[in-house]
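Asks: Pasting in a structure now, in structure tokens, and then I'll have a few things to ask.
Please treat every number below as a calculation from the coordinates, not as lab data. Worth saying up front: this structure is predicted, and the values here are computed from it rather than measured. Positions of Cβ are backbone-derived with ideal geometry, glycine not excepted, and every protein chain shown enters the neighbour counts.
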């Protein structure tokens, strides 16, 4: 499944941003319901990196739909997971916050889910195994 197909299913838009916070390649902006990409990163990244990132950010769009009871697909997400996702979206530990260690960012349930989803999609669609950070390998 391509990022365009995911975008159509989820009703999310993709855009690029020229002025960007250092270290951020992409982000799902739930208030605007768009996935934004760093133009500089897009220009130097390879297609598989971009695809994996599309899968990852698309999963955040899916999470947002589930949290807001707007998801109408067949995947079932239990209420405890939905509550955890909601709490983490509301109190998001961004990887750019100076006082938040990267491990704390990676151990958020929404990030573990998005990383696992991107890994699964890359393996299924492209036969590529993505790198899973050591600190969350047992959670995937």
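Asks: What pairs come out if I take residues in the range 107-118 that are in contact (Cβ under 8 Å) with a residue 60 or more places away in the chain and pair them with residues that are crowded, with 19+ Cβ neighbours inside 10 Å whose C-beta lies under 6 Å away, six or more apart or interchain?
Replies: 117/59; 118/52; 118/55; 118/56
Asks: Now for a different question. Could you look through the range 28-60, keep only residues that are in contact with a helix residue (DSSP H, G or I) (Cβ under 7 Å, 6 or more places away or on another chain) and in a strand (DSSP E or B), and pick out the one that is surrounded by the most Cβ atoms within 10 Å (Cβ to Cβ)?
Replies: Here the answer is 35.
Asks: Go through the range 72-130 and tell me which helices (runs of 4 or more DSSP H), entirely inside it, have 2 or more residues that are over 18 Å from residue 55 (Cα atoms).
Replies: Counting at least 2 such residues, we get 79-90, 102-106.
Asks: Then there is this: For the range 69-83, which positions are in contact with a helix residue (DSSP H, G or I) (Cβ under 6 Å, 6 or more places away or on another chain) and either surrounded by fewer than 16 Cβ atoms within 10 Å (Cβ to Cβ) or more than 18 Å from residue 30 (Cβ to Cβ) (or both)?
Replies: Result: 77, single match.
Asks: With the checklist (1) within 24 Å of residue 126 (Cα to Cα); (2) crowded, with 16+ Cβ neighbours inside 10 Å; (3) in contact (Cβ under 8 Å) with a residue 40 or more places away in the chain in hand, flag the one item residue 89 doesn't pass.
Replies: Of everything listed in (1) within 24 Å of residue 126 (Cα to Cα); (2) crowded, with 16+ Cβ neighbours inside 10 Å; (3) in contact (Cβ under 8 Å) with a residue 40 or more places away in the chain, residue 89 misses just condition (1).
Asks: I'd like the full set of residues that are part of a loop (DSSP other than H, G, I, E, B) and on the phi < 0 side of the Ramachandran plot, limited to the range 61-71.
Replies: 68, 70, 71
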